[in-house]
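The values are calculated or read from the model by the stated rules, or taken from the named source; none is laboratory data. Here the structure is a predicted model, which is why all the values come from computation and not from measurement. Here the Cβ positions follow ideal geometry from the backbone for every residue, glycine too, while neighbour counts run over all protein chains shown.
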Amino acid sequence: MSNINGKVYAMNCVTPMKPWKTPILRLIFFLLWHIKSKQQDLINLSFIEFARWVIVPKTQFPYLGNRQHKEQLQYDYLLFFSNFNGTWNQYIDAFSAVLSTGLNLIWRWSEKFPGAVPITPFKTYIAQVQFDTDYYYTAYPYATANDLKAAHIVQASLDQLSQRVDTDNPDQFAEHYLQFVLQVQAHLGVTGAAPLC
Amino acid sequence: MPNQNGKLYGLTFLAPIIDDQKATPSHDLQIRAYLATLPTDQNSPFAKAPSTHLCRLVVMDDVVFVGHPAHEEHLKSKYLIFETNCDSDATDYLTGLAKTIPQQLDAIWSHCVGYPGAANLSEFLSYMKACQLKTTFFFAAVNDKSLPESLRALATQRAVVDFIADHQGMDPGRLQSEFKQFLAELKACPIPEPGAMAPLRNIKTGGRNE
């Protein structure tokens, strides 16, 4: 299935918005971008590798000449692309439970968005506006977002320890090595194939 | 702001697909059929081209009608969406693709309106930039590491697990000398291939948590 590659799921959604609402949503994204604390829930969710929203105004669908008919649309469109770890249901459940305020702020401007809570109409809406991926590639299919964060912590700790290996005497090195093990012990999870359901 | 988050770029392209009533199968189906044959592992064209963390290609047949009282409307073209998360800006990234995988690019985008081919780099870049949408908000969980850095870190993590497991309670002098050797071996290892699964490891089972 092309929506899944290794441990990552690709989600695509498109929702219509009345054009007068688009500047409001742009302002919200502007504030979300510049007030980093507002992104904390998104960061804490920790199973999203990459995500993006793209607003396509009704007049700005790419037009490349005579072989194409110009779009004549009444709505602007909000595209959402996410690369997340876990199953579709886990993702939507977590989104609804943790990020409902933020999601409502972003999608309430889309037509007929029911709100992120309660979960049932929210899932129905997402299923309605989602479309499938035809080709999906990831450079690290065996690793989740948490694996990646953990790997960089291990790499940084190892780099620190490696600077001491030539200057420490054996006892000093053993002490620093022990500190290194303590630093990285929570970040040594095994990467590999996703568990079978 | 939005196409970039830290050191990483989130690029989005939307290319109109040729609508030719005489084409059988239709161009959108030809794209889908070709994409279904492309490998998604280390043999993927995007693994051969530099700097792609994750990417997707999607044929968008139409917009979605969400029900009354919303107005029902339809696109006049189908669109090929290319969504990529990478280390370079549009010019450098697309140049890298055009130089390493021109045949695959042509096989995909030749079904799109006005595609000039990847052989003429300046026309290719102009075309792709005409198809580019400005990303409104881009989130990256790890936004300060390049692809080689991430692949290297994942390989290091696996090696460190084994090293720690094999050197518990070892005499300090031997530990230090074997750690030096470990660092040298790690440095000599090539960066793992993008797109490949991690090598299988013999995991000891039977612990109290199992």
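Side notes on the structure shown:
- Only a single item in (1) more than 7 Å from chain B (Cβ to nearest Cβ); (2) among the acidic types (D, E); (3) part of a helix (DSSP H, G or I) is not met by A:D171, and it is number (1).
- Applying the condition of being of a type in the set (A, V, I, L, M, F, W, C) and either in contact (Cβ under 8 Å) with a residue 40 or more places away in the chain or within 24 Å of B:P69 (Cβ to Cβ) (or both) to the range A:17-28 and asking which residue is surrounded by the fewest Cβ atoms within 10 Å (Cβ to Cβ) yields A:W20.
- Residue that is farther than 27 Å from B:A130 by Cα and either in contact with a Phe, Trp or Tyr (Cβ under 9 Å, 6 or more places away or on another chain) or of a type in the set (A, V, I, L, M, F, W, C) (or both), where the choices are A:T87, A:T22: A:T87
- Residue in the range B:93-104 that is surrounded by 22 or more Cβ atoms within 10 Å (Cβ to Cβ) and either modelled with pLDDT of 95 or more or not in a helix (DSSP H, G or I) (or both) present: yes
Condition check ((1) at pLDDT 95 or above; (2) over 23 Å from B:D162 (Cβ atoms)) across all residues:
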| site | (1), (2) |
| --- | --- |
| A:A94 | no, yes |
| A:L103 | no, yes |
| A:F113 | yes, yes |
| A:A143 | no, no |
| A:D147 | no, no |
| A:V154 | yes, no |
| A:Q172 | yes, yes |
| A:E175 | yes, no |
| A:C197 | no, yes |
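Okay, residues lined up against (1) hydrophobic (A, V, I, L, M, F, W, C); (2) in a helix (DSSP H, G or I):
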site	(1), (2)
A:I43	yes, yes
A:Q74	no, no
A:F95	yes, yes
A:T101	no, yes
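- Filtering the range B:45-79 to residues that are more than 7 Å from chain A (Cβ to nearest Cβ) and farther than 25 Å from B:G10 by Cα leaves B:F65, B:H68, B:P69, B:E72, B:H74.
- In the range B:131-155, the residues that are part of a helix (DSSP H, G or I) form Cβ pairs under 7 Å with partners that are of a type in the set (D, E) and at pLDDT 95 or above, at six or more places apart or across chains, as follows: B:L147/B:D87.
- So B:V160, is it outside the structural domain of B:I18 (by TED's automatic domain parsing) and buried (at least 17 other Cβ atoms within 10 Å of the Cβ): yes
- Taking the criterion of being within 14 Å of the chain's Cα centre (by Cα) and at the interface with another protein chain (Cβ under 7 Å from one of its Cβ atoms), the residues of the range A:55-101 that qualify are A:F81, A:N83.
- Given (1) in contact (Cβ under 8 Å) with a residue 24 or more places away in the chain; (2) in a helix (DSSP H, G or I); (3) among the small types (G, A, S), index of the condition B:G173 fails: (1)
- Qualifying positions in the range A:33-60 - surrounded by 17 or more Cβ atoms within 10 Å (Cβ to Cβ) and either out of contact with any Phe, Trp or Tyr (no Cβ under 9 Å at 6 or more places or on another chain) or without any contact (Cβ under 8 Å) to a residue 60 or more places away in the chain (or both): A:W33, A:L45, A:F50, A:A51, A:R52, A:W53, A:V54, A:I55, A:V56, A:K58
- Matching residues in the range A:72-119 - criterion: being touching a helix residue (DSSP H, G or I) at 6+ places or on another chain (Cβ under 8 Å) and either among the acidic types (D, E) or not assigned by TED's automatic domain parsing to the domain that holds A:K58 (or both): A:D76, A:D93
- Positions within the range B:3-44 being more than 7 Å from chain A (Cβ to nearest Cβ), more than 23 Å from B:S77 (Cβ to Cβ) and surrounded by 14 or more Cβ atoms within 10 Å (Cβ to Cβ), in sequence order: B:N3, B:Q4, B:N5, B:K7, B:L8, B:Y9, B:D41, B:Q42
- Selection from the range B:159-188 of residues that are within 7 Å of another protein chain (Cβ to nearest Cβ) and under 19 Å from A:Q183 (Cβ atoms): B:V160, B:V161, B:I164, B:P172, B:L175, B:Q176, B:F179, B:L183
- Taking the listed residues B:L75, B:L57, the one that is surrounded by 21 or more Cβ atoms within 10 Å (Cβ to Cβ) and either part of a loop (DSSP other than H, G, I, E, B) or within 22 Å of the chain's Cα centre (by Cα) (or both) is B:L57, with no other qualifying.
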